[in-house]
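Here is the structure we will look at.
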Amino acid sequence: MATYLTPEGAKKLQEELKQLLHSERPRVVQEVSDAAAQGDRSENAEYIYGKKRLREIDRRIRFLTKRLESAVVVTHDEVSKHSVRFGATVEVEDEEGHRKRYRIVGPDEIDPSAGSISFKSPLGTALMKRRVGDVVTVRRPAGEVELEICAISYE
């Protein structure tokens with residue numbers, strides 16, 4: 001299954017993979033090698049922890065590699081600028097006049113504190129394909145809320 005990413009999200013994952021492959025993993029391999037040279041490995045905490053950390057790094061490398069291989073990087077040229085699509089920043093206003101901005105991204109890029117929400121989330125799903133002036137109803141645990149789309153941009 002394809003993973004949708006913004007160009008920024010793809011770059012971030014590529015940088016993490018590069019850092020793991022060329023910096024973190026070689027450093028941990030050296031630490032494990034040094035710890036192994038100290039003798040008895042069964043009671044060597046540095047060796048045991050290093051091997052565990054190496055497995056975690058390798059697992060993350062495999063995950064990132066698979067994600068990037070199946071990634072579909074959605075560029076702004078491929079989307080309609082007049083409706084909410086993947087990668088859009090959407091400004092909405094609730095019933096009480098409070099405005100918020102959300103960026104519609106893939107599941108690997110979500111960061112609620114920065115306003116980045118998944119296109120698969122209830123809010124993301126409600127906003128997709130809508131235009132400025134549309135009012136959407138979003139169901140949430142605290143009850144339904146109506147949001148009016150005030151602005152759409154692709155930064």
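Using only helices, what value at 222 nm comes out for the chain when you add -39,500 (n - 2.57) per DSSP H run of length 4 or more and divide by the total residues, to the nearest 500 deg cm²/dmol?
Working: 4 runs with 56 residues, N = 155.
Calculated at 222 nm, the ellipticity per residue is -11500 deg cm²/dmol.
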Under 5 Å between amide hydrogens, which residues at least 5 positions from T3 or on another chain qualify, with H placed 1.01 Å from N in the peptide plane? A71, V72
Given the options A35, A45, A142, which has the most mean-square fluctuation in a GNM of the chain, springs set between C-alpha atoms less than 10 angstrom apart? A142
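Taken together, the values in this text are just the output of simple stated rules run on the coordinates, not laboratory data. Since we're looking at a predicted model, the values are computed, not measured.
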